[in-house]
Every structure is written in C-alpha cells, then in structure tokens.
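Below is one structure, written out as structure tokens; the observations come after it.
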Amino acid sequence: MINILFTLFSILAGILLAEISYVFLLIIEYVMLGSFNFDLTSAWHYLKVGAGGGGIMGVGIAMLRYFGVKGF
C-alpha cells in the first residue's frame, strides 16, 4: 500500500514541478519580451510530461522498496 502512495505522490510532484517550471518560463519570457504567450496546449503537454516522469520515478521507487534495496 505504501508503494502505491509513493507512486501517486511522485506523479503529483512531477506534475507540480512541470507546471511550476512552465510558469517560471512564462515569467522569464515576460521579463525579456514584455509580453508572453500562454498556450493551454503547452500547459496540457507539461502536465502529461510531469505525470509521465513522476510515474516512472514512483514505479522505480516502489520497485526498489519492494526488492529491499538499501536506502529505500
């Protein structure tokens, strides 16, 4: 059960980090150009990338914990 929670929290953390980085890039673009282009398809793309990366990380952590690797 704890392994499933690790996977879910990793997915949520990946999504959160991807969206925060997108907002940070929008801020940099605004400072450099004076305007920015917010595109909903780009936000959706970063959401999927964050979910994929978080899922891979979460499954990896769950497997390492399952196999008893020291440190996990």
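Ranking request for peptides 50-58, 16-24, 34-42: highest mean number of other beta-carbon atoms within 10 Å first, then the rest in descending order.
50-58, 16-24, 34-42
Just to confirm the number: angle between the C-alpha axis of helix 40-66 and the first principal axis of the chain, 0 to 90 degrees, nearest 10?
That helix lies at roughly 20 degrees to the long axis.
To the nearest 10 degrees, how steeply does helix 2-33 sit against the main Cα axis of the chain, on a 0 to 90 scale?
20
Let me have the 222 nm mean residue ellipticity of the chain computed from DSSP H runs of 4+ only, each contributing -39500 (n - 2.57), with the sum over all residues rounded to the nearest 500.
Calculated from helices alone, the mean residue ellipticity at 222 nm is -29500 deg cm²/dmol.
Checking the a/c ratio against 1.5 first, then a/b against b/c, what shape does the Cα gyration tensor give for the range 2-66?
prolate
No value in this document is a laboratory result; all are computed from the given coordinates. This is a predicted model, so every value here is computed, not measured. In this analysis, Cβ positions are derived from the backbone assuming ideal geometry, glycine residues included, and neighbour counts consider all displayed protein chains.
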